Amino acid sequence: MTSFPFDHAVAALRAVAEPTRLRVVAALWEIELTVGELCHVLGQTQPRVSRHLRILGDAGLIERQAEGSFAFYRPTSDPVGYQLVVDVLARLEHGDPTLENDRDRIGRVRAERAEQAAAYFEEIAGRWDAVREQLVADSEVEKAVLELVGDGAVGHLLDIGTGTGRILELAADRIDRGTGIDLSREMLNLARSRLDQLGHRHCSVIHTSAYDLGLDPESVDVAVMHHVLHFLDDPAGAIDQAARVLVPGGSLIVVDFAPHGEEWFRDRYQHRYLGFDEDTVVRWCRRAGLDGSVVHRLAGDDVDALVTLIWHVTKPIDWSTQ
């Protein structure tokens, strides 16, 4: 079993053995929070809260994820540090008044986020409905994606261009960890609120680019790009990055349109590409070192509906190093 070195363990225990910092880790194990939100929850000033966050971060118990002018704090992804805090929190008295007051304030943070997310979704809903009339049913595409993810346990799933977090939501019960990335902060707020409401605490979202995933090489078991490529200037480059973070034997699932002639998608929805033919994406995947290309073709009931293609490729295992 992995364990802390002695000095590291002492630093971690000292970090959490302080009233405010214990409240901080208890709050972050409930929900990711910004400094401002933590100030509201704890009733303390930003300089004091920032100092506590720095100590906890230096001890390896929490992580900071920058998102534009904001930063979200969350539990460490290190399993040893994570388990240490879980063990400490499990020994706290249930119903402690201080922690219950903090939870009440966290509830107000959740409610405010949900209101913002609902307002944004209501704003874009009409546009999405207009597009959906020409697409294969979401349920059909989602079923196909889940079948490719598989019924077995998946370690780390990466959703590139996560949008509302729907793919993470669908796969939540079969993955150990889920990460969604997106460049739209509004969409990230929507996804974060949705995943929190559903209790999927093992899923998180971050603000970053498909060209700079911010993840270690060979750290992802399954990567999904669901209707993302047609927005990108360099779709082949994004596939290269996805291949870089896949573990040997890991898989990439790409969902996008077959070639179509709906030029208004460019003007109204900023689509840079009007679909892709099967061989083009296969070629990009092979150039990135992925193979075993399988292409699924989904056509809607409407004769004018756009055809959706799903590519499923894998990163080969170098058995000579095994």
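Worth a mention:
- Filter pass, Val255 being crowded, with 17+ Cβ neighbours inside 10 Å and in contact with a Ser or Thr (Cβ under 8 Å, 6 or more places away or on another chain): yes
- Condition check for Arg64: of a type in the set (Lys, Arg), closer than 24 Å to His202 by Cα and assigned by TED's automatic domain parsing to the domain that holds Glu93: yes
- When each of Arg201, Arg174, Arg244 is tested for being of a type in the set (Lys, Arg) and closer than 20 Å to Ala114 by Cα, the lone residue that passes is Arg201.
- Looking across the stretch 71-103 at every residue that is without any contact (Cβ under 8 Å) to a residue 24 or more places away in the chain and of a type in the set (Asp, Glu), the one that is farthest from Gln44 (Cα to Cα) is identified as Asp78.
- Hey, Gly81 at pLDDT below 95 and in a helix (DSSP H, G or I) or not: yes
- Boolean, Ala66 is in contact with a helix residue (DSSP H, G or I) (Cβ under 6 Å, 6 or more places away or on another chain) and small (Gly, Ala, Ser): no
- Boolean, Val295 is modelled with pLDDT of 80 or more, assigned by TED's automatic domain parsing to the domain that holds Leu232, assigned to a helix (DSSP H, G or I) and surrounded by 12 or more Cβ atoms within 10 Å (Cβ to Cβ): no
- Residue selected from the stretch 178-214 under the condition surrounded by fewer than 18 Cβ atoms within 10 Å (Cβ to Cβ) and of a type in the set (D, E, K, R), by the criterion farthest from Arg110 (Cα to Cα): Asp212
- Residue satisfying all of: in the stretch 224-248; within 19 Å of Asp318 (Cβ to Cβ) and within 16 Å of the chain's Cα centre (by Cα); surrounded by the most Cβ atoms within 10 Å (Cβ to Cβ) among these: Ala242
- Screening the stretch 44-72 for residues that are buried (at least 21 other Cβ atoms within 10 Å of the Cβ) and not in a helix (DSSP H, G or I) and picking the one that is farthest from the chain's Cα centre (by Cα) gives Ala59.
- Put simply, of Val88, Val41, Val10 the only residue that is assigned to a helix (DSSP H, G or I) and buried (at least 19 other Cβ atoms within 10 Å of the Cβ) is Val41.
- Qualifying residue in the stretch 220-238 (condition: out of contact with any Gly (no Cβ under 6 Å at 6 or more places or on another chain), farther than 23 Å from Gly180 by Cβ and outside any strand (DSSP E or B)): no
The values are calculated or read from the model by the stated rules, or taken from the named source; none is laboratory data. Being a predicted model, the structure only gives us computed values, none of them experimental. Please note: Cβ atoms are built from the backbone with ideal geometry, for glycine as well, and neighbour counts cover all protein chains shown.
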